[in-house]
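Shown next, in structure tokens, is the structure this report addresses.
The values are calculated or read from the model by the stated rules, or taken from the named source; none is laboratory data. Values in this document were obtained by computation on a predicted structure and should not be read as measured data. We place every Cβ from the backbone using ideal geometry, glycine too, and count neighbours over all the protein chains shown. Just so you know, the surface numbers come from the protein's heavy atoms only, side chains and all, with ligands and any DNA or RNA stripped out. Shrake-Rupley method; radii C 1.70, N 1.55, O 1.52, S 1.80 Å.
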Protein chains: 2
Amino acid sequence: MDGISKKIYLELNVPTEEDNRSDQRRILDGLREQGTEAKLSLRVLRKLYSLCEEAEWKVTLSLAWDGQEWHGVDLEAGDTTGAHYGVAVDLGSTTVVARLVDCGTGKVLGETSTFNGQIPYGTDILTRIFHCQEDRGTLEILRKAAVNSITTCVRELEARQQLPENSCIAMTIGGNTTMIHFLLGMDAFCVFHTPYAVHADQPGFLPAKDLELPVKGYVYIYPAKSNYLGGDIISGMVATGIYKKEKINAFFDIGTNGELVLGNRDFLLCGAGAAGPALEGGVVKTGMRAMKGAVDRVKLEDGKLHCHVIGEKTARGICGSGIVDLLAELFLHGWIDIRGILQPEKSRWIVEKDGMLAVNYAPELYFYQSDIEEFIRTKAAAYTMVAIMLRESGIELSELEGFYMAGAFGKHVSKESAIAIGMYPDMDRDRIIHAGNSSLEGAVCALLDRSVAKEVEEILEKMVYIQFATVEDFLNTMVAAQALPHTDLERYPTVKEKLERIREEEKAADIQN
Amino acid sequence: MDGISKKIYLELNVPTEEDNRSDQRRILDGLREQGTEAKLSLRVLRKLYSLCEEAEWKVTLSLAWDGQEWHGVDLEAGDTTGAHYGVAVDLGSTTVVARLVDCGTGKVLGETSTFNGQIPYGTDILTRIFHCQEDRGTLEILRKAAVNSITTCVRELEARQQLPENSCIAMTIGGNTTMIHFLLGMDAFCVFHTPYAVHADQPGFLPAKDLELPVKGYVYIYPAKSNYLGGDIISGMVATGIYKKEKINAFFDIGTNGELVLGNRDFLLCGAGAAGPALEGGVVKTGMRAMKGAVDRVKLEDGKLHCHVIGEKTARGICGSGIVDLLAELFLHGWIDIRGILQPEKSRWIVEKDGMLAVNYAPELYFYQSDIEEFIRTKAAAYTMVAIMLRESGIELSELEGFYMAGAFGKHVSKESAIAIGMYPDMDRDRIIHAGNSSLEGAVCALLDRSVAKEVEEILEKMVYIQFATVEDFLNTMVAAQALPHTDLERYPTVKEKLERIREEEKAADIQN
């Protein structure tokens, strides 16, 4: 492990009149013998007495990297190198996730999450930003909420491992540009407002004390490429390593916004666009987050929808992966047509409800025609970003070694279903990799590998931003992608085949009946 | 000026969609164009909005050097480079002196001083140290007292110049090892206790915030060579520049302790020893500091002592320079003999008082036989240090280009008198340089010249410490120096000559009578 923190055990000579170097010098000389140059912080200077004497000059120094040099940030009696901890954080607008890492071994000791304490000031980012516009005091409230959410996670992780508070030396954070602005106490209106020049995109290493975050040394915050391509995506680059690979890979993080990166060690194209809130359970009438009571899997068999519900028996709504399954099943079995229009003659579960058609997918729960349309717009946006980026770069889908789907959505969604509705491109399933919380994974990488911060600067240099909205036939491409799976079915050979098979099975069943 | 702080005015392009670099990047790019690489502190990041916009992107960044790199520590609207301030401090155990410096021009704008707020916990350093031994809480009280004393000076200087609080970017401090230990919140018992290994001797650049000192960036604290050779002496080295000169010079700071450095650009010998409190008005019964009411000049004419009193008509006591004058006059006119014994037959002003002989030097004020003896011990200690260091190094007095006398004592004392009693060596008066508060002067140098901190490391490397106490015939040398001016009058040719002249004048006067 060659991370952004380290602990060094020193067995020093007891001072004598012949060797009466200062305690400070004695420690710095001891470090130097082990190949480390460092500065000692005031906190360590104050601990020299009486700790060194009491520990008979067998002490462990905790060191934190500030991007340029090492700082001794804590001193403990005896050999405590076995207890070397750090925290990696994904600062999401909805959820804050943190991992406690044993920085000596690289092992993740625990993970926890909490809702972002900013939610009371708006479930979506824009609402929070507008609150700050109305009242500048809100910014400080939002900053503290972010700090408190992270601190809550850290305290929970420390408690689980029975560690004293502030046991960690360093912290790394991946988060989108708005979240990082709030965490630093910076107004974020700039993120969504022309000319989209944000206030700070390279926070780098900042003293934890300045940020009021509960670690001893420095906090590394992933930089952003632009307003929409935040530190969470850069962190994902590091987690997946696509910037180091010879072959071309794609990285796609889709939520309310979609961020896409395509490239290899030689080039990186990137772009971002709005996808709509459908994937995160917004807009859709019975939509909800992937939590207890949410339908997350749907199967249509024997003319009936079978739902899997998270943690409970009774469904309370449907989350992103459930919606994708539902739409795929509806489409494959002809309950909706290629435009997503419900076909009431196909099933008694398709009914008129609140003045429009809806499918009754679970007791008392309906998925409406308008929900379907909303979702199709989202999946079309996702598809369009990928299609345009491939076209603009002249890269064929078949050239991609891997297609990394990041985020919670990517983690839970069925690849087959996502392809069936044309949300994912039709490609080898093995090449579609659900990368999970790659923002968090990348934060762990930055904690354990000091070279990451430098590599990130190279990644940023290499990245070329493509403005989707300015691409000539963006709208045409988008409209073509609003069919299921796509206006041009030839782009979806496996779906075409599947449809044909199902049609034949249905025909056979009809004949049997 | 190439100091440890700077201000850079930036006229930046207003962000557009074509150039929508972040504010942070825009500023860092602007700095780079002017040849400066820096990090921006959280404080600056938070000020970006709305300051940049309001200032139409004409802003001034304040930068502070941390010994390795520049940190942007404040941002102001418009061109404020003309208002570039720093503070230099001499942290004395009795007096804290501070100078406000215009770091753009190098001009000292003002100087002020205050008593060290630690005095209530002991007028001398040892008492303060013992208080900390008895109760560790005292250390924090002493730390805060030092911080408050410095802050008081800074506020006073800011107010005089009508500057807002915390207008200064950087601060530099010279102080002895104990004072710096207290300022950093470190126990100082080590300074006076075997094996004399102090806790920290190279504080270097520390964030002002950590120290709770009222500047925006970093505080540079002069390092110490050893327990007795503190940062005030190293600062004096820088002020006098003797470490850079081709010819050999001596630097002597004498107070309760004496610190002596001898050398040039090739070598530096140093030593320290106790001189006793006599010079600072201690022990001597009517002794006092050089303040209002103190006799600071004495002349013996027509069989009478003529005293000059600071600021008043009535004398309340006598300070160091007064004592030196008094002893010199008493000796030159034979009122005391070569051993310092009062000769009552010589004057009616020599009387028996409180069971011993004393000279009535001013109305109701007496200088006692015991005071004389005490002072002779001090002057002998001072002489001995110089004599031994010269002898050990094989350097003749005549080889010295200059003899720098530092400190308040050096500033006020009469060279003639100090030579007459054998406290200073008998050398060309022009070569004796009263260096004033060289600790403060050196602090100003470190503020205005960034290379000083590096040079100081070389000074420390070069310094060789001579333990006076372990020199073989230290005691013999000391005893020989307890005569006035010295047992060996040949060492004081000008004094010998002066004595002969006075004796002849007296003889002539006797004949006349």
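Per residue of B:32-45, other chain Cβ atoms within 10 Å of the residue Cβ number 3 on average. Sorted from closest to farthest, the other copies place their residue A:161 label points 4.8 nm away, with each point set 7 Å from Cα along Cα→Cβ. For the stretch B:85-221, the relative contact order comes to 26 percent (Cα pairs under 8 Å, sequence separation of at least 6).
Ordered by 1.4 Å accessible area with all protein chains kept, B:229, A:51 run largest first as A:51, B:229.
A protection proxy built from the mean count of other Cβ atoms within 10 Å ranks the segments B:127-133, A:505-511, most packed first, as B:127-133, A:505-511. Extent of the stretch A:62-164 along its three principal axes (Cα atoms, max minus min coordinate, largest first): 53, 30, 20 Å.
To put it simply, the accessible area of the protein assembly as shown at a 1.4 Å probe is 48 percent carbon and sulfur.
Overall, the ratio between the Cα radius of gyration of the stretch B:189-284 and 2.2 N^0.38 Å, rounded to two decimals, is 1.26. Put simply, when B:205-213, A:426-434 are sorted by average Cβ atoms within 10 angstrom per residue, most first, you get B:205-213, A:426-434.
In order along the stretch B:451-464, phi translates into HN-Hα couplings of 6, 4, 4, 6, 4, 4, 4, 5, 4, 4, 4, 6, 5, 10 Hz, rounded to whole numbers, per the Karplus curve 6.51 cos²θ - 1.76 cosθ + 1.60 with θ = phi - 60° and x for Gly and Pro. Taking every C-alpha pair closer than 8 Å and separated by at least 6 residues, the mean separation divided by the residue count of chain B gives a relative contact order of 13 percent.
Residue-level result for chain B: its Cβ closest to the axis carrying B onto A, with that distance in Å, is B:68, 3. Take residue B:194, push a point 7 Å out from Cα through the beta-carbon direction, and compare it with the same point in every other copy: 8.1 nm, smallest first.
A prolate overall shape is assigned to the protein assembly as shown, the ratio a/c of its alpha-carbon gyration tensor axes (a ≥ b ≥ c) being 1.5 or greater and a/b exceeding b/c. Pairs spanning more than 27 Å between alpha-carbon atoms, out of B:285/B:346; B:225/B:496; A:209/B:39: B:225/B:496. Mean sequence separation of contacting Cα pairs (under 8 Å, at least six apart), scaled by the length of the stretch A:5-77, corresponds to a relative contact order of 40 percent.
For chain A, the 222 nm mean residue ellipticity estimated from helices alone, with every DSSP H stretch of n ≥ 4 adding -39500 (n - 2.57) and the total spread over all residues, rounds to -11000 deg cm²/dmol. The Cβ shell under 14 Å around residue B:353 holds other residues with a net charge of -2, Lys and Arg each +1, Asp and Glu each -1.
Note on exposure: B:338, A:310 ranked by accessible area (1.4 Å probe, complete protein assembly) read B:338, A:310, with the most exposed listed first. Per residue, the accessible area of the stretch B:5-77 comes to 42 Å², computed with a 1.4 Å probe over protein heavy atoms only. Separation of the stretch B:432-500 from the stretch B:385-416 is 5 Å, based on Cα centroids.
The HN-Hα couplings worked out from phi for the stretch B:135-143 by the Karplus form 6.51 cos²θ - 1.76 cosθ + 1.60 (θ = phi - 60°) are 8, 5, x, 4, 4, 5, 5, 5, 4 Hz, whole numbers, x standing for Gly and Pro.
Chain A packed on chain B takes about 3600 Å² of accessible surface away from a 1.4 Å probe, both sides summed.
For the peptide A:199-208, the mean number of other protein chain Cβ atoms found within 10 angstrom of a residue's Cβ is 5. Rolling a 1.4 Å probe over the protein heavy atoms gives the stretch A:289-356 an accessible area of 50 Å² per residue.
Once the mean of 1/r is taken over each pair of separate Cα atoms and inverted, the stretch B:5-77 shows a Kirkwood hydrodynamic radius of 12.2 Å. Distances between placed amide hydrogens fall under 5 Å for residue A:39 paired with A:70, A:71, A:72, all partners being 5 or more residues away or on another chain. Sorted from closest to farthest, the other copies place their residue B:356 label points 10.7 nm away, with each point set 7 Å from Cα along Cα→Cβ. Placing unit charges on each Cβ (+1 for Lys and Arg, -1 for Asp and Glu) gives the stretch B:194-259 a dipole about its Cα centre, and among B:249, B:227, B:194 the Cα reaching farthest toward its positive end belongs to B:249. Per residue, the stretch B:85-221 exposes 34 Å² of accessible surface when a 1.4 Å probe is rolled over the protein heavy atoms with every protein chain present.
In order along the stretch B:65-75, phi translates into HN-Hα couplings of 8, 10, x, 10, 8, 8, 10, x, 10, 7, 9 Hz, rounded to whole numbers, per the Karplus curve 6.51 cos²θ - 1.76 cosθ + 1.60 with θ = phi - 60° and x for Gly and Pro. Shape analysis of the stretch A:85-221 places it in the prolate category; the axes a ≥ b ≥ c from the Cα gyration tensor give an a/c of at least 1.5, with a/b above b/c.
Of the peptides B:288-298, B:467-477, the ranking by mean beta-carbon count within 10 Å, highest at the top, reads B:288-298, B:467-477. Per-residue mean of foreign Cβ neighbours for B:61-68 is 1 (Cβ atoms of other chains, 10 Å radius). Within the same chain, aspartates and glutamates fewer than 8 places from residue A:353 are excluded, and of the rest, those with a Cα less than 15 Å from its Cα are A:364, A:371.
Enter the angle in degrees (range 0 to 90, nearest 10) between the Cα long axis of helix A:369-393 and the first principal axis of the Cα atoms of chain A, meaning the one along which they spread out most. On a 0 to 90 degree scale, this one is about 60.
Taking only the C-alpha atoms of chain B, Rg followed by Dmax gives 26.5, 104 Å.
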